[in-house]
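Asks: Okay, handing you the structure first.
The values are calculated or read from the model by the stated rules, or taken from the named source; none is laboratory data. None of these values were measured; they are calculated from a predicted model. Because the Cβ atoms are built from the backbone with ideal geometry, glycine has one as well, and the counts that use them run over all protein chains shown. All accessible areas refer to the heavy atoms of the entire protein, side chains included, with ligands and DNA or RNA removed. Shrake-Rupley method; radii C 1.70, N 1.55, O 1.52, S 1.80 Å.
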Amino acid sequence: MKYGAVIERGAAPWQIFQQGADGTARITLEGSYHLARLSQELPLEFSPVARVKAAVKARVALESTGESVVPWTECEVLDGGRWRVCFPRVPAGGLYRIETYMDYEGWDGLSCTRGDMVHNIGVGDVFVIAGQSNAAGRAKNPVADDPELGVHVLRPSARWELATHPLGETTNAVHAGNYENHNPGHSPWLHFAKRLKRELGYPIGLVPCAYGGAPLRWWNPEENGALLQNMLEALADYDLRPKGVLWVQGEAEGFENSADTYLSRFSAFVRAVRAALDSPGLPFFTVQINRCMENPSEALDRQWGMVREAQRQAMYALENVAVVPSSDLALYDFIHNSAEGNLVVGERCARAALAMCYGRGTDWKAPEPESARKTAPDTVELRFSRVRNWLNPFEVPAALLPIEAEDAQGLAVPVLYRTGRDTLTITFSRPLGENACLHGAWRMNPGAAIPCDCMRLPMLSFYGFPIA
């Protein structure tokens, strides 16, 4: 039975409220109040106390010290024993608790004054997780990635909790699209959120909506869009307007032979998300699809290469789209990143978010081809942008360098190379004809050694880069 001041909507334990541009969040609570008196025979008599006039008050306090962040505020009392209060500017931070209590005019010392509380809420930024299984996280190998107060997750059950792996487990899911086809495991996003929270000094919320095996058409409303609708419904449960979208998807396109249209369809998906959330510049943080070991073929290699290239091109074709590499990372199984690899993905995306969303000076962009020119009929000098230190191809034999040329005669493989600070000068197995191009780290399994800016980041994968 209810008694005292009861909170019925507006805040839930562990909830993260998305802050606005002014660094605050608006929190509106509604509920009911129920009068009761202490009794000699029973602790409470649940009968109206007609002789006194009741009021409801509420505040926001720090969980750590109990100090008021928003002082006690008298709530609006409505008809039918209901009340409402709005805290228009709760500052970014936390963890907070919301308290309520009953106040009586001419209180007699016996009437109940208790009120509900909501614990461990925060005001900060919320990120939504979308894509397929590497976004959901499938790694089951053990790695230390502990939960941390101030990093919370909106479970598919529509309940906010302290964020722990697996983030997207679907016990009691309330939206059909959240029921995963396999139990998820470790993902990149707890590390991502902890990194942001420590840097920014306020809480981070995560909303997992990824679905294993999902092709892009399930997200793009111009084709199907069922998972986009599911994501919007999950966000609407708490009226969330996320700070950004964490996107890992594209393996399905390779298997569906639809890589050649990935960029146009991904662009349509981005536009649809931004329109639905009324956020024209909503950032997307994309991870180039990782390696895959199962049944490689040249046809699948080309699909993988085209998807990765489309993801690289999206960074230039679309505003506020970041792309980070993953082709250098170890796997847990034939296609899913290991837990250690997920930590690296989370770190790379966090550095991109710190730069793109918060103007922090993190050097998050990976090297990529800047120019390619013939220096001899069979030799190409490939120059990379954003090499801050020096290019490191790990001095592998030429046959293991994951860069190939292609012209009308087909593919040509490296037989010799030399390294400059930001260049690879590669001699191929034959002279190259007109309209030749280069593919880099493009195959399903691009090999163990991806050239990198030493002490920093591997190069982005590329496909069809023209040779001048």
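Asks: What are the ³J(HN,Hα) couplings of the stretch 426-434, residue after residue, when phi is run through the Karplus curve with 6.51, -1.76, 1.60 and θ = phi - 60°? Round to Hz, x for glycine and proline.
Replies: Karplus values, whole Hz, x for Gly and Pro: 10, 9, 9, 6, 6, x, 9, x, 5.
Asks: If amide H atoms are built 1.01 Å from N in the plane of the peptide, which residues on other chains or at least 5 residues away come under 5 Å of the amide H of CYS112?
Replies: ALA36, ARG37, LEU38
Asks: Show LYS140, LYS365 ordered by accessible area, largest first, where the area counts protein heavy atoms only and the probe is 1.4 Å. Don't jump to the answer; show the numbers that get you there.
Replies: Working: LYS140 110, LYS365 80 Å².
Sorted by accessible area, descending: LYS140, LYS365.
Asks: Here is a follow-up. Compute the Cα gyration tensor for the stretch 139-180, then decide on rounded, prolate or oblate, letting a ≥ b ≥ c be the square roots of its eigenvalues: rounded whenever a/c is under 1.5, prolate when a/b is larger than b/c in the other cases, and oblate in all that remain. Working shown, then result.
Replies: Numbers: a/c = 3.91, a/b = 1.41, b/c = 2.77.
Since a/c reaches 1.5 but b/c is at least a/b, the shape of the stretch 139-180 is classed as oblate.
Asks: Next question, about the same structure. For a test of the definition: using alpha carbon positions, the gyration tensor, and the 1.5 limit on a/c, classify the stretch 119-200 as rounded, prolate or oblate. List each step's numbers first, then the result.
Replies: Values: a/c = 1.83, a/b = 1.25, b/c = 1.46.
The shape class here is oblate.
Asks: Please list the helices of the chain that count as membrane-span-like by this rule: a mean Kyte-Doolittle hydropathy of at least -1.0 together with Cα atoms stretching 20 Å or more along the helix axis, each helix being a complete DSSP H run. Let's see the in-between values first.
Replies: Details: long enough: 262-276 (21 Å, 0.57); 298-317 (28 Å, -0.91); 339-358 (27 Å, 0.51).
Correct list, ordered by number: 262-276, 298-317, 339-358.
Asks: Mind giving me the FRET efficiency for ARG418 and SER157? R0 is 56 Å, r the Cβ-Cβ distance, nearest 0.05 is fine.
Replies: That gives a FRET efficiency of 0.45.
Asks: So, taking all protein chains as they sit and a 1.4 Å probe, how much accessible area belongs to THR171, in Å² rounded to tens?
Replies: 80 Å²
Asks: Here's a follow-up. Report which label in (1) 23; (2) 32; (3) 17 holds the value of percent of Cα pairs over 40 Å apart derived from the coordinates of this structure.
Replies: Recomputing percent of Cα pairs over 40 Å apart here gives the entry labelled (2).
Asks: Exactly which GluC sites (Glu not before Pro) in the stretch 297-328 are in a DSSP loop and have at most 13 other Cβ atoms within 10 Å? Don't jump to the answer; show the numbers that get you there.
Replies: Working: sites: GLU298, GLU309, GLU319; in loops: GLU319.
Answer in residue order: GLU319.
Asks: Stretch VAL143-ARG82 to full length: gain in nm at 0.36 nm per residue minus the Cα-Cα span?
Replies: Working: separation 61, 0.36 × 61 = 21.96 nm, distance 4.90 nm.
Between VAL143 and ARG82, full extension yields an extra 17.1 nm.
Asks: Grab the beta carbon distance between ASN295 and GLU340, set R0 = 25 Å, and tell me the FRET efficiency rounded to 0.05. Before the final figure, lay out the partial values.
Replies: Values: r = 25 Å, r/R0 = 1.00.
With a Förster radius of 25 Å, E is 0.50.
Asks: List, in order, the whole-Hz ³J(HN,Hα) value for each residue of the stretch 388-397 obtained from phi through the Karplus relation with A = 6.51, B = -1.76, C = 1.60 and θ = phi - 60°; use x for Gly and Pro.
Replies: Coupling constants for the stretch 388-397: 7, 10, 7, 6, 10, x, 6, 6, 6, x Hz.
Asks: Roughly to the nearest percent, how much of the accessible area of the chain is carbon and sulfur, given a 1.4 Å probe?
Replies: Values: 9730 of 19130 Å².
Here carbon and sulfur together make up 51 percent of the probe-accessible area.
Asks: If you don't mind, there's one more thing I want to ask. Can you pull the accessible area of ARG159 for me, 1.4 Å probe, Å² to the nearest 10?
Replies: 150 Å²
Asks: Once you have a ≥ b ≥ c as the square roots of the Cα gyration tensor eigenvalues for the stretch 326-407, tell me rounded if a/c is under 1.5, and otherwise prolate or oblate according to whether a/b is larger than b/c. Present the calculation step by step, with values, prior to reporting the outcome.
Replies: Working: a/c = 2.78, a/b = 1.42, b/c = 1.95.
Oblate shape, in that a/c is at least 1.5 and b/c is the bigger or equal ratio.
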